[in-house]
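Everything on this sheet refers to the single structure shown next.
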Amino acid sequence: MLFMPLPIILSVVLLLSTPGWAAEGEAFSDLDMNDPAALQEASRVIEEELKLASRPQTYLLIDLASGAIQIKARGVDLHRLPIAAWTVTELPRLTGAFRLTARPPVIRRKIDPSATTEQEPISLSDMPTEYRLSFNPAMILEVESAAEQGTMGWIRMASKKVWKQLRVWKQHLAGAQSPGEAPTISLTLSSEQAQSLAWSTVNGMPVVIRRPSEP
């Protein structure tokens with residue numbers, strides 16, 4: 001008979017019995033119930049979410065394991081944004097809840113006083129498609145758009161990805177984390193999804209990261 005340690009058993013019970021997620025079915029539909037590391041990570045994330053869901057606030061779940069960003073409140077999905085690609089540094093340090101220190105910068109349109117129709121001061125189209133967000137505790141989220149066109153756009157995008165991947169490989173080869181460097185998540189989204197994420201953020205917004213079993 002296969003023996004399962006008590007923490008793993010408790011993780012399974014928590015995943016299957018958490019009330020806040022009952023209406024949506026399984027908490028993580030992609031979860032491999034035979035992977036102890038994945039079960040422990042899912043249990044950790046749900047415990048963090050339970051703390052956040054007890055308050056009337058929206059928060060982000062950056063699910064690197066399934067490749068999606070979930071905008072949530074009270075444990076319920078409000079909106080889901082697919083991630084086209086991602087890289088990460090200092091993966092083991094991405095535990096707990098991080099809080100956004102400032103929203104992405106927005107270039108506000110000038111209001112035309114001579115216009116006869118009502119003008120919105122800001123809209124989704126005014127949101128940036130590439131930006132960098134800082135969190136407390138120290139963590140950086142870099143968002144870039146996958147919509148760059150043409151040869152130069154492709155070269156720029158490929159160069160950025162290669163550089164970021166080299167940083168990850170360098171850390172793995174070194175075999176240790178640098179305590180002075182903040183963990184960094186780099187996400188590639190479509191232009192529309194990047195703008196939607198920027199539109200949804202608020203100062204102090206909590207963020208939880210679900211890490212993959214294998215980086």
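Counting 0.36 nm for each residue step from S54 to E130 and taking away their Cα separation leaves a gain of 24.2 nm. FRET efficiency for the V76 to S213 pair, using the beta carbon distance and R₀ = 22 Å, is estimated at 0.30. Extension gain, Q40-W199: 0.36 nm per intervening residue step, less the Cα-Cα distance, totals 54.0 nm.
Values quoted throughout were computed directly from the atomic coordinates according to the rules given, and no laboratory measurement underlies them. Quick caveat: nothing in here was measured; it's all calculated off a predicted structure. Reconstructed Cβ throughout: ideal geometry from the backbone, glycine too, with neighbour counts over all protein chains shown.
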